[in-house]
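Here is the structure we will look at.
Please treat every number below as a calculation from the coordinates, not as lab data. Predicted model, so just to flag it, every value in this text is computed and none were measured. Positions of Cβ are generated from backbone atoms using ideal geometry, with glycine treated the same way; all protein chains shown enter the neighbour counts.
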Amino acid sequence: MLVVMVGTGYVGLVSGVCFAEFGHDVICVDKDPAKIQTLKDGGIPIFEPGLQDLVKKNVEAGRLSFSTDLPSAMENADAVFIAVGTPSRRGDGFADLTYVYAAAEEIAEHMNGFTVVVTKSTVPVGTGDEVERIIGKKHNPENFAVVSNPEFLREGAAINDFKHPDRVVVGTQNEQAKEVMRDLYRPLYINETPILFTERRTSELIKYAGNAFLATKITFINEMADLCEAVGADVQQVARGIGLDKRIGSKFLHAGPGYGGSCFPKDTVALVRTGDEADVNLSIVKSVVDANDRRKIRMAKKIIDHLGSVDGKTIAVLGLAFKPNTDDMRDAPSITIISMLQKNGAIIRAYDPESMVEARKSLDNVSYAENAYDCMEGADALVIITEWDEFRALDMNRVKSLLTEPNVIDLRNIYPLYDMKTLGIKYISVGR
Ligand code: UDX
């Protein structure tokens, strides 16, 4: 099989490399010559554990290559994946489909022989119809099929998620396309991964419904955390107590500073817009979006309340990325929390193992430390925003000696309450 992946962002690169790992021939195409050159030189434009080694291995095996030349790449392609960005359109929260449609135009220009065109980018319901219309202007319907195949990759765990998915969703009713998609994902049969064939619009919606449900689950437990604080209960035990019920499940019940990242914030808002357009009031998803926005502000207030005032105080922040094992700062709760602390007069010193280069683009007037302990030296309080492994076993006696006051605010609940109390740390966490 020859697969062409259009777009070498997060989704395109991970999917392309993993298809090559499955044994297919893959050409990853991007318009950005600098990006392609970096990849050709063995560099990786994003941070994802394990990706660089996998790229190297598959390039050396001759299955994976990079190019800016879509027409040549497409010459013998069995499937062309559209994996370009769909950012939030400024102002209204709709997904911006400019890049998807531009890719479709270009694919139509250079397609020859029966080709399966697959949208992997997260696209609103009905986008496949438009891609089909664009390609249909130049080709007969029997020469191509437009398929939806959403990704469910988590940043930081993307390779494992691709190779061991809970399910693969394929939206098409075209039998020839189903065969091609089955061949592409055949290596997963060994793990008995369910492959769900649906109508295309259903497949497009599954992606949004999945992300909105997970965002709802997180937001629910975050609100329970607030209630726990108010009534004197422990949210971690509540989460365990409800999570053991198989109908609920224990995953995505960690209370924290609110969800961030490249998917949940953008996809929940886009889903609400789709509902509005279809005259369906998605009141639950709307509430989730609002509650998550308020949550980040609430976290900043929590810090300020704990310290009395932050005016003129130095706050050491550990963890800036929206979650561990990524350098991604998109919609990271740290951005809102830090800005609000700064507005209230705080001086911020921060450390993150991977995201400090990215963070400089979203945060002003923050100084950056070399490591976690440098970050807290002489600070008035320590705030943990992202639960990187290296923050999970800090030497608390050292932390105490470095801070002017032993204030530790842990927004990810990584330390046991009892230990902190015994050590004499003025410790607060979330919902405990
Ligand atoms: C998510 C989906 O999981 C993935 O299937 C989809 O394809 C893209 O969006 P990702 O954004 O990489 O993946 O991160 P994820 O691990 O899902 O976490 C999202 C956010 O939720 C993070 O900010 C994380 O800190 C937060 N979160 C997650 C919680 O606050 N509590 C939890 O219990 C789980």
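Annotations
- Listed by Cβ neighbour count within 10 Å, with the fewest neighbours leading, His24, His164, His139, His254 appear as His164, His139, His254, His24.
- In order along region 416-421, phi translates into HN-Hα couplings of x, 4, 4, 4, 5, 5 Hz, rounded to whole numbers, per the Karplus curve 6.51 cos²θ - 1.76 cosθ + 1.60 with θ = phi - 60° and x for Gly and Pro.
- Sequence-separation-based contact order of region 216-370, relative, with Cα cut under 8 Å and 6+ spacing, percent: 20
- Close amide-amide hydrogen proximity is noted between Val168 and Ile195, Leu196, each under 5 Å apart and 5 or more residues distant or on a separate chain (H modeled in the peptide plane; Pro and chain starts excluded).
- Aspartates and glutamates with Cα under 20 Å of Lys31, excluding same-chain neighbours fewer than 8 positions away: Asp41, Asp69, Glu75, Asp96, Glu105, Glu106, Glu109
- Rounded to 5, percent antiparallel among DSSP beta bridges of the chain: 5
- What you get for the chain, charging only the Cβ of Lys and Arg (+1) and of Asp and Glu (-1), is a dipole of about 1020 debye around the Cα centre.
- The Cβ shell under 13 Å around Gln236 holds other residues with a net charge of 0, Lys and Arg each +1, Asp and Glu each -1.
- With Cα atoms as the point set, region 212-428 shows a radius of gyration and Dmax of 17.6, 59 Å.
- Percent antiparallel among DSSP beta bridges (both partners in region 2-198, rounded to 5): 5
- Under 19 Å of direct C-alpha separation, and excluding same-chain neighbours fewer than eight residues apart, Lys56 reaches these lysines: Lys35, Lys40, Lys163.
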